[in-house]
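Please read the structure below before turning to the comments.
The values are calculated or read from the model by the stated rules, or taken from the named source; none is laboratory data. Here the structure is a predicted model, which means the values were calculated and not measured. Methodologically, a virtual Cβ is constructed for each residue, glycine included, from the backbone with ideal geometry; neighbour enumeration extends over all protein chains shown.
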Amino acid sequence: MKDRGIAPSLSEALVILNSGDIPRYCSPEEFLYISECFKKHPRATRKIGCGIKNILIKKAIYKSRGFFIERTDSSIENFSIYKCFRPSMSKSSYKFRKAARMAAQIQLQKDVHLHHTPPWTFEKIVQDFIDSNHIEVENVIYEDSDFGVEFMDEELRGCFKEFHDSRACLIPLDPIKHHAYHSTDRVPKTCSS
């Protein structure tokens, strides 16, 4: 394992997540690294509980891999490595992006993830939509559905879907390859205009 330096990074954490067969426990070196990443999780204290005994990598939803904490009392808790690197994003911004994904109706299938190709990454589409429509994400009202968070305002939902669909170029990828694209500087070919 290469020296990962002092500051944890999402890309290095994803290398750990996507290497080796699963289920498996993190090696002692990986444990130290992921534990350092986990300190940035917004609910780290609650998730750690009585303390961390081990960190497991095993199947999560949609056949993707996930990190799981095995506590000292042998209880197990999953945690999102992505949330460890998004502490600066406000809850309102995060919720808006989740609802935008629902509005765009981007369906993750069991063995396929849809990847937004540059220059119109999903993040750029959402930010441009917010900016061009002068949306204050703190004032948006949401509703919880069986599938996640959605915009309460059907007009906002429709406007975002139309905005998204006019820009997005989606390519299907294997979930592991999709995570690899997000964890490195490599990007798949862009759509032709």
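Some notes on this structure:
- Residue 59 over 20 Å from residue 32 (Cα atoms), modelled with pLDDT under 90 and not assigned by TED's automatic domain parsing to the domain that holds residue 20: no
- The single residue among 65, 4 that is buried (at least 16 other Cβ atoms within 10 Å of the Cβ), modelled with pLDDT under 95, among the charged types (D, E, K, R) and more than 26 Å from residue 174 (Cα to Cα) turns out to be 4.
- Selection within the range 9-25 - under 16 Å from residue 80 (Cβ atoms) and not in a helix (DSSP H, G or I): 9, 18
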